[in-house]
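Notes for the one structure printed next.
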Amino acid sequence: MTWNIPNILTVLRLLAAPGVAVMFLYFQRPWADWFALTLFIGAAVTDWFDGYLARLWKQESKFGTMLDPIADKAMVVIAIMVITGYSGMNPWLILPATLILFREVCVSGLREFLGAKAGLLKVTRLAKWKTTAQMVAIAVLFLGTGLEYLEGIALRGLTPEQYAEAVSQGLADPIRTCGGRDCAAYATNVGLVLIWIAALLTFVTGWDYFRKALPYLRDEKR
């Protein structure tokens with residue numbers, strides 16, 4: 001194992017993954033939302049820099065190759081769990097989140113089963129786009145949950161769920177400060193569209209990995 005800047009960035013990204021959840025244990029909302037969003041974005045940026053610097057400085061290593069997808073998965077899985085919990089269990093979020101988590105578990109299981117042959121499940125360009133889509137969607141959703149908290153509690157004295165219900169029933173007016181739009185709803189809706197796109201890419205790349213692994217899953221004829 002070689003300790004160089006690209007590998008250190010990858011390790012920091014891995015450590016940042018649980019840090020996103022820890023923000024909600026030690027800080028009150030909405031500060032927890034903003035700290036988690038900042039930490040998540042900072043960690044997501046390292047996902048580009050570690051690979052770029054490793055190639056630029058010719059410091060690519062087996063350790064970095066192994067740890068990079070693990071750090072990505074940890075970030076996505078933990079962040080999705082946090083957002084789902086603070087979104088009021090929105091079914092439009094739960095469905096794509098479930099698909100993403102299901103795929104990540106299955107692909108990890110395939111890699112573990114294949115062992116030495118796991119190299120055939122190399123990260124593809126589409127898989128990299130999938131990860132990017134996931135991280136952008138999660139960042140936007142974090143923004144949406146933070147704005148919902150501000151609008152619901154700080155400005156209306158309601159929980160986000162109570163505030164959303166009051167708006168839907170016409171008992172409260174949405175706060176419109178984003179070019180005439182309800183900021184929280186706008187960010188959340190954009191995030192939901194992005195997470196569905198990410199879920200679609202997740203399914204496609206997951207199927208591609210399964211297709212590549214299928215020949216090694218067949219029982220040998222006796």
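The values are calculated or read from the model by the stated rules, or taken from the named source; none is laboratory data. The structure displayed is predicted, hence computed values, not measured ones. Backbone-built Cβ (ideal geometry, glycine too); neighbour counts: all protein chains shown.
A few notes on this one:
- Pairs, first farther than 19 Å from V204 by Cα and assigned to a helix (DSSP H, G or I) in the stretch 131-153, second at pLDDT below 85 and β-branched (V, I, T), C-beta under 8 Å, six or more apart: E151/I175; G152/T159; I153/T159
- When Y186 is tested against (1) of a type in the set (F, W, Y); (2) over 24 Å from the mean Cα position of the chain (by Cα); (3) at pLDDT 75 or above, just one condition goes unmet, and that condition is (2).
- Test: residue in the stretch 35-49 that is free of Cβ contacts under 8 Å to residues at least 40 places away in the same chain, small (G, A, S) and over 19 Å from K128 (Cα atoms): no
- Pairs with Cβ under 6 Å, 6+ apart, first in the stretch 66-81 and touching a residue at least 24 places away in the same chain (Cβ under 8 Å), second part of a helix (DSSP H, G or I) and among the β-branched types (V, I, T): L67/T10; D68/T10; A71/T10; D72/T131; I78/V20; A79/V20; A79/I138
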